[in-house]
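Chemist: Before I ask anything, let me first share the structure, which is written out below as structure tokens.
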Amino acid sequence: MENVNHIAVFVCALMSLVIGAFWWSPLLFSRAWQKETGLSDDDLKKAQPLKNFGLSFLLAWVISYNLAFFLADGGTDWKWGLTAGLLAGVGWAVTSYVIISLFEMRSIKHMLINTGYITVYFAVIGLILGAWR
């Protein structure tokens with residue numbers, strides 16, 4: 001625990017929401033994602049933002065701590081943090097997501113939008129955790 005920067009972990013959890021706000025904004029993928037998921041504007045109005053964002057933040061905190069423990073070695077730097085983030089993101093999270101999406105018969109576009117976010121998020125938190133020692 002002494003090699004884990006708890007403030008950096010908290011910031012990494014926040015980055016989940018920051019990156020997500022940009023990723024699923026009208027600037028990037030909101031309409032394409034909405035079309036691929038089959039959610040209408042009315043469906044989205046029924047969402048429970050406090051629950052969704054609150055649980056998302058808590059789960060991102062778990063992800064961030066998990067990666068921080070993997071990177072707790074004193075020799076970790078930003079390069080290894082970025083590499084480890086990409087390895088965990090692509091090697092574990094993206095591949096698991098794609099396996100599930102294949103059985104749910106999701107489109108390639110749907111998978112690319114969501115796995116793109118996962119890859120960027122893991123790369124960013126790996127970079128932060130590796131650099132902010």
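Read the figures in this text as sums done on the coordinates, not as results from a lab. Model, not experiment: these values are computed from the prediction. Cβ: placed from backbone, ideal geometry, glycine included. Neighbour counts: every protein chain shown.
Chemist: Can you pick out the pairs among Lys45/Lys109; Lys46/Lys109; Lys35/Lys79 whose Cα atoms lie more than 30 Å from each other? Could the numbers behind the result be given before it?
Modeler: Details: Lys45/Lys109 23 Å; Lys46/Lys109 24 Å; Lys35/Lys79 37 Å.
Violating the 30 Å limit, Cα to Cα: Lys35/Lys79.
Chemist: How big is the dipole moment of the chain about its Cα centre under a simple scheme where the beta carbon of each Lys and Arg is +1, that of each Asp and Glu is -1, and everything else is neutral? Debye, nearest 20, please. Please report the intermediate quantities before stating the final value.
Modeler: On the way: 9 positive and 8 negative charges, 53 e Å.
Dipole about the Cα centre, nearest 20: 260 debye.
Chemist: Relative contact order (percent) for the stretch 6-131, with alpha-carbon contacts under 8 angstrom and 6 or more residues of separation?
Modeler: In percent, rounded to a whole number, it is 40.
Chemist: Taking the structure as given and computing mean projected area of the Cα convex hull in nm², which label from [x] 13.6; [y] 8.3; [z] 14.4 fits?
Modeler: Evaluating mean projected area of the Cα convex hull in nm² on these atoms matches [y].
Chemist: While we're here: What's the angle, to the nearest 10 degrees (0 to 90), between helix 6-23's Cα axis and the longest principal axis of the chain?
Modeler: Helix 6-23 sits at roughly 30 degrees to that axis.
Chemist: Let me ask you something else. How far apart, in nanometres, would the label points at Leu59 and Asp77 be if each is projected 7 angstrom from Cα along the Cα-to-Cβ direction?
Modeler: Going from the Leu59 label point to the Asp77 one covers 3.5 nm.
Chemist: How would you rank Glu104, Glu36, Glu2, going from fewest to most other Cβ atoms within 10 Å of each one's own Cβ?
Modeler: Glu2, Glu104, Glu36
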